[in-house]
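Notes to accompany the following structure.
The values are calculated or read from the model by the stated rules, or taken from the named source; none is laboratory data. Since the structure is predicted, the reported quantities are computational estimates derived from the model, not experimental observations. Counting neighbours? That spans all protein chains shown, and the Cβs are built from the backbone with ideal geometry, glycine included. Each accessible area value is taken on the protein alone, full model and side chains, heavy atoms only, with ligands, DNA and RNA left out. Shrake-Rupley method; radii C 1.70, N 1.55, O 1.52, S 1.80 Å.
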Amino acid sequence: MQKMLTIISNVLRGSASRNGAQVVSEATSMVVASRSYADFTPEATFDIKKVDLHRLEEGPPLTATLTREEGLKYYRTMQTIRRMELKSDQLYKQKIIRGFCHLSDGQEACAVGVEGGITLSDHLITAYRAHGYTLTRGGTVREIMAELTGRRGGIAKGKGGSMHMYTKNFYGGNGIVGAQVPLGAGVALACKYLGNDQLCVSLYGDGAANQGQIFETYNMSSLWKLPIIFICENNQYGMGTSVERSAASTEYYKRGDYIPGIRVDGMDVLCVREATKFAADHCRSGKGPILMELQTYRYHGHSMSDPGVSYRTREEIQEVRSKSDPISMLKDRMLSNNMASIEELKEIDIAVRKEIEDAAQFATTDPEPPLDDLCSHIYANDQPFEVRGATPWTKLTSTS
């Protein structure tokens with residue numbers, strides 16, 4: 001500000017015409033920049049879609065307040081997840097990433113919205129479509145990309161791959177369909193036992209929703225009033241089978257029967273955030289579990305071996321992109337309410353692309369973990385011990 005006033009003062013004193021024009025131009029750009037930042041709307045309230053309720057008299061609010069800071073943060077995180085997944089797709093097709101890989105582009109509002117409704121001291125466990133949640137839980141793009149390529153700098157030291165990423169209070173990334181749900185109940189039991197006012201979010205997809213172990217977990221969680229939010233990410237297809245062909249009831253939010261449930265627009269980050277806050281308050285008040293169904297959509301196929309267009313049309317995918325894309329929805333809200341400028345969002349896009357490219361470079365040049373590390377990190381804070389290898393005479397050492 002002081003520099004700007006000095007420049008304007010110099011112009012008013014009558015600088016030489018050539019230099020004066022240059023100074024005027026500089027001053028004008030600074031005034032415009034200063035004015036544009038000052039004129040941004042710091043906070044706005046938006047109408048959000050009403051949720052469907054099960055065994056509840058009241059649900060989340062019908063409006064959501066968004067600050068400019070929150071909006072920019074959500075936009076950057078969702079763009080990072082989108083670009084990270086697209087880069088993963090590229091690296092997989094180049095055979096740099098191998099094995100199982102499940103992408104979540106299109107579902108960014110789920111990860112960002114859920115995280116916006118809880119705290120980092122809460123706990124979260126999910127299935128194998130986990131890259132976005134790894135990021136929102138505190139992982140870095142470099143760690144995630146390096147894990148995908150099996151490198152030493154990966155978030156699981158290069159030993160977990162796409163389906164097995166972990167960080168503090170984040171328990172994966174789990175490969176067995178539905179098996180993470182009872183594990184999440186165990187984490188919630190620990191929260192109740194310790195009395196720390198924390199909760200666990202346990203996520204699964206519509207394809208896993210028919211698993212018997214999920215219904216067993218509903219029963220135990222309700223009996224013990226565990227602080228757990230069950231979240232079914234309904235992206236409309238379990239592998240290549242539509243929900244209508246695989247489920248006698250597609251109202252997944254009612255599947256808990258005696259457990260309250262809500263069905264939410266999973267493409268709207270604000271809807272997801274407000275619903276998660278509501279569910280978290282329900283759990284923390286001692287009322288026991290609650291079930292959320294997030295209606296969302298994945299743009300890629302189920303996994304990298306699935307082109308994603310044999311059981312749905314390209315037109316269907318394009319229609320969702322054009323009408324319900326979570327990033328575009330947030331972007332339009334912010335621009336139409338003067339919470340950001342097009343130039344500012346473009347700068348974020350450029351910075352995100354650079355971050356992804358730098359991470360991909362690291363993920364392709366970082367060394368692979370040595371064989372000696374294969375059995376390390378089995379236990380935390382334990383003395384080294386021997387582990388039998390593939391043959392009785394092969395011995396490996398595990399260190400914490």
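Table: residues versus (1) open to solvent by less than 70 Å² (accessible area, probe 1.4 Å); (2) of a type in the set (A, V, I, L, M, F, W, C); (3) part of a loop (DSSP other than H, G, I, E, B).
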position: 354; (1), (2), (3): no, no, no
position: 360; (1), (2), (3): yes, yes, no
position: 363; (1), (2), (3): yes, yes, no
position: 379; (1), (2), (3): no, no, yes
position: 383; (1), (2), (3): no, no, yes
position: 390; (1), (2), (3): no, yes, yes
position: 393; (1), (2), (3): no, yes, yes
position: 396; (1), (2), (3): yes, yes, no
position: 400; (1), (2), (3): yes, no, yes
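The set of residues in the range 366-375 being open to solvent by 90 Å² or more (accessible area, probe 1.4 Å) and either more than 20 Å from residue 149 (Cβ to Cβ) or assigned to a helix (DSSP H, G or I) (or both) consists of 371, 372.
In the range 220-234, the condition of being within 23 Å of residue 305 (Cβ to Cβ) and touching a Lys or Arg at 6+ places or on another chain (Cβ under 9 Å) is met by at least one residue.
Of the residues making up the range 309-345, those that are closer than 16 Å to residue 40 by Cα and either hydroxyl-bearing (Ser, Thr, Tyr) or open to solvent by 50 Å² or more (accessible area, probe 1.4 Å) (or both) are 331, 332, 335, 336, 337, 338, 341, 342, 343.
All of (1) in contact with a strand residue (DSSP E or B) (Cβ under 9 Å, 6 or more places away or on another chain); (2) under 21 Å from residue 304 (Cα atoms) hold for residue 201 with one exception: (2).
Is the range 244-257 home to any residue that is among the β-branched types (Val, Ile, Thr) and within 30 Å of residue 334 (Cβ to Cβ)? Within the range 244-257, not a single residue is among the β-branched types (Val, Ile, Thr) and within 30 Å of residue 334 (Cβ to Cβ). Per the conditions (1) open to solvent by 50 Å² or more (accessible area, probe 1.4 Å); (2) in contact (Cβ under 8 Å) with a residue 12 or more places away in the chain; (3) more than 27 Å from residue 307 (Cβ to Cβ), the sole criterion not satisfied by residue 191 is (1).
For the range 115-136, a residue qualifies if it is open to solvent by less than 10 Å² (accessible area, probe 1.4 Å), in a loop (DSSP other than H, G, I, E, B) and within 22 Å of residue 353 (Cα to Cα), and exactly one does: 130.
Cβ separations smaller than 8 Å between residues 6+ apart or across chains give the following pairs from the range 375-400 residues that are farther than 16 Å from residue 159 by Cα and of a type in the set (D, E, K, R) to residues that are surrounded by fewer than 11 Cβ atoms within 10 Å (Cβ to Cβ) and at pLDDT 90 or above: 395/386. Those helices (runs of 4 or more DSSP H) of the range 210-302 in which 2 or more residues are open to solvent by 10 Å² or more (accessible area, probe 1.4 Å) and of a type in the set (S, T, N, Q) occupy 212-224. Quick check: is even one residue across the range 314-331 in a loop (DSSP other than H, G, I, E, B) and polar (S, T, N, Q)? No, that holds for no residue.
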